[in-house]
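Structure first, then comments.
Every read-out reported here was derived from the displayed coordinates using simple, explicitly stated rules and does not represent laboratory data. Quantities reported herein were computed from a predicted structural model and do not represent experimental measurements. Note: ideal-geometry Cβ built from the backbone for every residue, glycine included; neighbour counts use all protein chains shown.
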Amino acid sequence: MNRKTWMAAAFMLLTQSAIAAYDQAPNHYRLTISDDAKRAQVEADVWVEGDELAIFNTMPIPKLKNGQADLLENIVVTDMAGKQIRLKNKGEGDFELDGDRRVKLRYEVRLDHDKYEWPGGNEEVFYRTDEGFLSSAYALFLVPLKAMLGKTEVTVALPPGWSVNTQWAPTDKPNTFTANTRRELVNNVLFFGTAKSEDFSSGGMQIKLVMGKRYWAQSAMIKQVIDRQLASYVAMLGKPPLAERFMLVLNQGDSGDGGAFSGSFSQYLKGDADEASRMIWGRVVAHELLHFWNGLTLVPANPEEEWFKEGVTDYLTVMAMARNDLLDREFINQHLQNMVRGQHVARKLMGLKGTVRAAAKDKHRNWLLVYGGGTIAAMAMDLELRRATGDKLGLEDLMKALYAEFGKPGKTYTHADIVRVGMQIGGVDLGPMLETHLGSETALDMAPMMAQIGLQVDVAGMLETHVQRNKDVTAEQRKRFTAIFGVPY
């Protein structure tokens, strides 16, 4: 037996031994929120595969060098017989221990997260209202780093009169839920308190809507956006996302931004959810809903494809909203102007360097490149596919084909896959065009792109940007504009 064969055999034996050692029992967490909602206590028994526990998705900030992990206190780990196990804090939420066995955990979480500003926005980490608080599950649960085997049962104990809203599946026991995977357990948000919620079906999915009390008078308009967009996305992508249950949490917040998780999303609304501002709040809701497909089911293998996750999502969001009569012709024109203006602002005013692909390394600082540059690349792909196929196919068809191939658990796509699938469905090589848009470090001239949908671009200085109808527009260009946005040219 040669050395490589011996090593492979040894690895198989070790793997089989580890699998055999797993006791096949579910994991259990009990989360207790103190009556003043200032602390949480967590008790758990969990199988630790490997030798590390972790708080995932930590965001180091100046006052908390280990991010959310610095708010964990009094961590005690024992074996199932009660003998204490040494725990080494490795920093940024990683803890080393003697694992590959079931252990008991006990720790407290100081619920002070709302006292800090988080890079991704507090709507993605923790905030309080007069009806309770929202927290990401990332901030609450210390879990095995290598892998989390088996299902996890979570029981929540709450202050009097409070309830917990979650995407997890309920069991027949009070305030007890099941998460099938580690991702489902920690990659979600929860709302604790007295806020009203409503459960309904939309787009073939079960939706839980949780909102602050000021928004329930506007719930019909919010649900209209949800219903129309989900129906469009199912048709656009060919099938629902992987998760069957989703929770949407909406509350007032000045950023007006939101964040999507594996089966939930959290959004701040700047003001009321009325028709006049629907182009703002509705677009954020619609954008985050589409992430349940593009980003959470269709997952890139490389972080540099963040432009695809955000840019394609934004382009298709606006396309679907316009077709659903949720955005008017005037907004579309403003949106196209902003696409052009945004790149000049990013490069010349903000001085952002690097390529659109590389911008993902500092997404929040480079959001104009990731989102704006990504949206322009999405439009370029759409137009290239339409040109090559006589307007028979577009970006929707590329997404449907990618989703059919890669919208599966554990399967990821690469940049090369995007180019390959474009060639398969449209007979066109998207590679050179994408290299131009994603590899450039300057604001590109968008006039040739806009001309393909009958629009003229005029740029004067840095902020004076105008996109208007071209007096020499052709019938083909008019038809293409309407095919994309669903409104008359």
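How large is the helix-only mean residue ellipticity at 222 nm for the chain, computed as the sum of -39500 (n - 2.57) over DSSP H runs with n ≥ 4, divided by its residue count, in deg cm²/dmol to the nearest 500? Helix contribution divided over all residues of the chain: -9500 deg cm²/dmol.
Computed from Cα atoms, the angle from the helix 219-237 axis to the main principal axis of the chain rounds to 80 degrees. Under 16 Å from a label point set 7 Å out along the Cα-to-Cβ vector of H28, the amide N atoms of the range 130-156 belong to 151-156. A straight line joining the Cα centroids of the range 441-489 and the range 336-380 runs 19 Å. Sorting D397, D429 from the fewest to the most surrounding beta carbons within 10 angstrom yields D429, D397. Counting neighbouring beta carbons within 10 Å and listing from fewest to most, the residues R183, R387 come out as R387, R183.
Of the peptides 467-475, 239-247, the ranking by mean beta-carbon count within 10 Å, highest at the top, reads 239-247, 467-475. Taking the DSSP bridge list for the chain and keeping only pairs wholly inside it, about 75 percent are antiparallel.
Of the peptides 255-265, 415-425, the ranking by mean beta-carbon count within 10 Å, highest at the top, reads 255-265, 415-425. Note on the range 63-184: Lys pairs 8 or more places apart or on different chains, Cα atoms under 28 Å apart, count 23.
In summary, the aspartates and glutamates within cross-link reach of K223, defined as a Cα separation below 15 angstrom excluding same-chain residues under 8 places away, comprise E198, D199, D272, D274, E275, E288, D325. Sequence-distant contacts, meaning Cα pairs under 8 Å at least 6 residues apart, place the relative contact order of the chain at 10 percent. Give the angle, between 0 and 90 degrees and rounded to the nearest 10, that separates the Cα long axis of helix 313-323 from the longest principal axis of the Cα atoms of the chain. It works out to around 60 degrees. Less than 11 Å from a label point 7 Å out along the Cα-to-Cβ axis of R39: which backbone N atoms in the range 69-93 qualify, by residue? Backbone N within reach: 73-74.
For the range 299-485, lysine pairs with C-alpha atoms less than 29 angstrom apart, excluding pairs fewer than eight positions apart on the same chain, total 28.
When each of the peptides 302-313, 49-60 is scored by the mean number of other C-beta atoms lying within 10 Å of its residues, the order from highest to lowest reads 302-313, 49-60. Each of L190, L352, L463, L369 was scored by other Cβ atoms within 10 Å of its Cβ. Listed from fewest to most, they are L463, L352, L190, L369.
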